[in-house]
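Bear in mind these aren't lab numbers, they're just calculated from the coordinates by the rules spelled out. Nothing here was measured: the structure is a model prediction, and the numbers come from that model. Positions of Cβ are generated from backbone atoms using ideal geometry, with glycine treated the same way; all protein chains shown enter the neighbour counts.
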Amino acid sequence: MASLLYRVLYLSFTIPVNVQVVVSIAIPVVYGGIIELMQEYLVSGRTADIFDFLANIGGITIGVYSSWLLVKLGFDRYYVKELS
């Protein structure tokens, strides 16, 4: 989700890169936190786990960083042509 969000924000050329990265990380982290809280309070037999939440943050960070790296290395040229 974070990687796709970064790609969508990247295609919007009016948003600065640092804002793209922060938003691409913040939205999925909040979403993951809400899911963990829902598991704790709304689902019987399931509990929230801080390590699951930390694993989500790690995956989000890796996804956004890999998308940023692909853009930085110039791989976005090929995909932008295909999408337009």
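For the chain, a Gaussian network of Cα nodes joined below 10 Å ranks Leu69, Leu42, Leu54 by mean-square fluctuation, and the top entry is Leu42. Compute the label zone of Val30 within the range 46-76: residues whose backbone N is under 15 Å from the point 7 Å along Cα-to-Cβ. Flagged as within label range: none. Within the chain, the selection of entire DSSP H helices by a Cα span of 24 Å or greater along the long axis and an average Kyte-Doolittle value of at least -1.0 returns 17-41, 50-73. The relative contact order of the range 1-50 comes to 26 percent, based on Cα pairs under 8 Å that sit 6 or more residues apart. Here the relative contact order of the chain, from alpha carbon pairs under 8 Å that lie six or more residues apart, stands at 36 percent. Helical content of the chain, expressed as a calculated mean residue ellipticity at 222 nm, amounts to -26500 deg cm²/dmol (DSSP H runs of 4 or more residues, -39,500 (n - 2.57) each, divided by residue number, nearest 500).
One entry in (1) 1.11; (2) 1.14; (3) 0.98 is Rg/Rh (Cα atoms, Kirkwood Rh) calculated from the shown coordinates; its label is (1). Placing dummy labels 7 Å off each Cα toward the beta-carbon, the span from Asp52 to Tyr65 is 2.4 nm.
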